[in-house]
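Report on the following structure.
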Amino acid sequence: DEEIQRFLRGVTILFAATEFLFLAGTLPNLSISTHMVILRTVIMTFLKSIALYSILLLGFGLCFYTLFGDDQSLMHDDNNSPQEVEHSNFFYHPGIALIKTLVMLTGEFDFESLNLNGSGNYAVFVVFVFVITIVLFNLLNALAVSE
């Protein structure tokens, strides 16, 4: 119950800040309204583009879960009671793998935590770096600049 209230308070603050930004953007002073129009245009272009490319991100996320994931999410102690395992890699659950893949889209790689034992694992990671990080991220930047 308290966790839900905390979440709702956080989301309410975020919505209030966004609404304040949009209201401040209607002011004609200092060309703020022009910047708000640019911000909205870039956000809409990004959302349209990423909607299509999210299929590729989903594929890489599930691929990383399959290659680097750890199925052992619970460990049993001496009394045979389940305990949470602290995960050293970030691909132990499909949802977490998708979030980590989205973070990796921005160029944030935690290369040391990846278990790249097989040559196929290296190939998949290198393909991800080139296709997603270099090509897709630069494409999204170019779309934003072209707007």
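Take the Cα of Thr34, step 7 Å toward its Cβ, do the same at Val126, and the gap between the two points is 4.7 nm. On the beta carbon distance between Ala17 and Ile55, with R0 = 30 Å, the FRET formula returns roughly 0.45.
In terms of the Cα gyration tensor, with a ≥ b ≥ c the square roots of its eigenvalues, is segment 1-53 rounded because a/c is under 1.5, prolate because a/b exceeds b/c, or oblate? Oblate.
Each value in this text was obtained by applying a stated rule to the coordinates, not by laboratory testing. Since we're looking at a predicted model, the values are computed, not measured. So basically every Cβ, Gly included, is an ideal-geometry build from the backbone, and we count neighbours across all protein chains shown.
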